[in-house]
Ligand code: SAM
Ligand code: SF4
């Protein structure tokens, strides 16, 4: 029977769990040691569900001081002694004598940022503190991405440092999670024997199991088991939260590794999502971002009696008091139906921003990409957005240099970029990914050709984004304050409902809404002066 040791000493004190026994019986936990104050019922359920599906939960409390670990050096594959031995199961009230520390480096998309927040929350529940740098951490974690080759190589460069730190202190644990780990699976241990634990995006909770186990050998966990959305979280910003609504992708885009790393699409139950969104709102979240690989195909595979559409889900989140902004990423143009576009016009919290990944402006290339829309259908979606939400910011993803892309194909991409006038774009040089159809296609283009095309595309994207941004100059926009400006410490930084970053003069706290008069705009950022915090205007 598995035993999970949980340290809830850092839980928020204003939340209270009323009936822990009842709450957990359905999760297969056979013993609950004590009633807790200061613990969110859902996060307890999440921890219980994910860490101890068939085991005993032991609640340990009270903060413990952080100390560095010293001791005998285990062999390369050997792990340090069981982390929970200082809190034997028969004495659940004993405090943890030494807090271990962890450091996590995140690569890739917002889904990974979200997963890393779950890792942080889960590790905090286990009594770990977050270290400022890798050399101060007992547990060095990487949450990896494999979408392009550049992501692989950046991560591998960082892994070199982990190897050195592990050789200095072999008690350190090195963990590799995320899509790259999933794509190479057990090969991680052959290529990097100093790695102790590897896990895919659907097995984050297994990290806790590993840290609490007696296993002395390296472990890999690669079968999808659970959404990381079930785990406790530690948000980067108190007032912004993620809501993972689905996992995986049923599309077969010929260039993309995601279906093989994140698996088939699975949507979470809407009632569970609403409870989670309500809990986020109660916890101070004002802006929520719905996450999925193909977020707007949400719900299709749910049983009929539980099924709601993506637009209906948006409406239900919009109705939650306290949630003042809703965003989502990433949608697919083929699923950008009129009800979703109309929701942007009708739901007060849903922001005027739609990410509509183009990938290519050429219908022939789109066909080889297996995107299931052509240039005309894409432009029809854009027209529908402009019709219902004229001021909507539209952003996109574009791939340059797909196999067989001719100069004429590329010209079509430039034409679409010019015609749409994106508010922003993520542009990528095509990168052949292992086991994808496109990697084996004929007509792979030389790198210099891709780079030259990218430069031409960037010129148009940036020019059009700058032109589009001029419509904000002279307007007063609602800005959610995120902190200090990255370029000028005397200024604040926040984001408009359109998703535009704004640097502005004024006095306000992170998480506050302010009204900012926009004075200037570049392709990337706006700048201005705050008029008054909104709270003072009400
Ligand atoms: N699900 C989203 C969609 O359908 O647009 C995209 C998710 S993917 C994580 C983000 C972006 O990475 C894609 O939109 C695509 O532009 C880019 N991308 C994916 N595979 C790529 C590859 N092999 N080479 C270059 N860019 C790639
Ligand atoms: Fe990849 Fe997005 Fe296509 Fe899914 S829809 S295969 S995540 S590019």
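The values are calculated or read from the model by the stated rules, or taken from the named source; none is laboratory data. Since the model is a prediction, treat every value here as computed from it, not as a measurement. Neighbour counts are summed over all protein chains in view; Cβ atoms, including those assigned to glycine, are modelled from backbone coordinates with ideal geometry.
Within the set 320, 274, the sole residue that is closer than 22 Å to residue 231 by Cβ, part of a loop (DSSP other than H, G, I, E, B), more than 16 Å from ligand 2 (Cβ to nearest atom) and in contact with a helix residue (DSSP H, G or I) (Cβ under 6 Å, 6 or more places away or on another chain) turns out to be 320.
Of the residues 523, 535, the single one that is modelled with pLDDT under 95 and under 21 Å from residue 351 (Cα atoms) is 535. Taken over segment 453-497, the residue count meeting the criterion of being touching a residue at least 40 places away in the same chain (Cβ under 8 Å) and part of a helix (DSSP H, G or I) is 17. Hey, among the residues in segment 326-343 that are out of contact with any helix residue (DSSP H, G or I) (no Cβ under 7 Å at 6 or more places or on another chain) and away from ligand 2 (no atom under 11 Å from the Cβ), which one's modelled with the lowest pLDDT? Per the criteria, the residue is 337.
Matching residues to (1) within 26 Å of residue 108 (Cβ to Cβ); (2) crowded, with 20+ Cβ neighbours inside 10 Å:
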residue	(1), (2)
264	yes, no
269	no, no
273	yes, yes
280	yes, yes
290	yes, yes
293	yes, yes
298	yes, yes
302	no, no
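The C-beta contact set for segment 239-260 (first residue touching a residue at least 12 places away in the same chain (Cβ under 8 Å) and under 30 Å from residue 404 (Cα atoms), second residue more than 11 Å from ligand 1 (Cβ to nearest atom) and in a strand (DSSP E or B), distance under 8 angstrom, 6+ apart or interchain) comprises 248/266.
Of the residues in segment 216-255, how many are touching a helix residue (DSSP H, G or I) at 6+ places or on another chain (Cβ under 9 Å) and in a loop (DSSP other than H, G, I, E, B)?
Of segment 216-255, the ones touching a helix residue (DSSP H, G or I) at 6+ places or on another chain (Cβ under 9 Å) are 218-236, 241-255.
Checking the rest, the ones that are also in a loop (DSSP other than H, G, I, E, B) come to 218, 222-227, 231-236, 245, 248-255.
Residues flagged as touching a helix residue (DSSP H, G or I) at 6+ places or on another chain (Cβ under 9 Å) and in a loop (DSSP other than H, G, I, E, B) within segment 216-255 amount to 22.
Inclusion of residue 348 among residues that are assigned to a loop (DSSP other than H, G, I, E, B), surrounded by fewer than 20 Cβ atoms within 10 Å (Cβ to Cβ) and in contact with a helix residue (DSSP H, G or I) (Cβ under 9 Å, 6 or more places away or on another chain) is warranted.
Is segment 287-297 home to any residue that is more than 16 Å from ligand 2 (Cβ to nearest atom), at pLDDT 95 or above and farther than 30 Å from residue 184 by Cβ? Yes, the conditions are met somewhere in segment 287-297. From the list 478, 455, 435, the lone residue that is at pLDDT below 95, surrounded by fewer than 19 Cβ atoms within 10 Å (Cβ to Cβ) and more than 17 Å from residue 358 (Cα to Cα) is 435.
Exactly one residue out of 108, 177, 127 is surrounded by 24 or more Cβ atoms within 10 Å (Cβ to Cβ) and part of a loop (DSSP other than H, G, I, E, B): that is 127.
Residue 390 satisfies every condition listed in (1) within 30 Å of residue 285 (Cα to Cα); (2) crowded, with 21+ Cβ neighbours inside 10 Å except (2).
Could you check, for segment 211-228, whether at least one of its residues is surrounded by fewer than 23 Cβ atoms within 10 Å (Cβ to Cβ) and free of Cβ contacts under 8 Å to residues at least 12 places away in the same chain? No. Within segment 252-262, identify whether any single residue is within 16 Å of ligand 1 (Cβ to nearest atom), surrounded by fewer than 17 Cβ atoms within 10 Å (Cβ to Cβ) and at pLDDT 95 or above, and answer yes or no. Checking segment 252-262: at least one residue is within 16 Å of ligand 1 (Cβ to nearest atom), surrounded by fewer than 17 Cβ atoms within 10 Å (Cβ to Cβ) and at pLDDT 95 or above. Inside segment 402-426, can you point out the residues that are crowded, with 17+ Cβ neighbours inside 10 Å and under 20 Å from residue 152 (Cα atoms)? 402, the sole residue that qualifies.
Every residue, every condition in (1) within 16 Å of residue 392 (Cα to Cα); (2) away from ligand 1 (no atom under 16 Å from the Cβ), yes or no:
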position: 284; (1), (2): no, yes
position: 293; (1), (2): no, no
position: 304; (1), (2): no, yes
position: 353; (1), (2): yes, no
position: 360; (1), (2): no, no
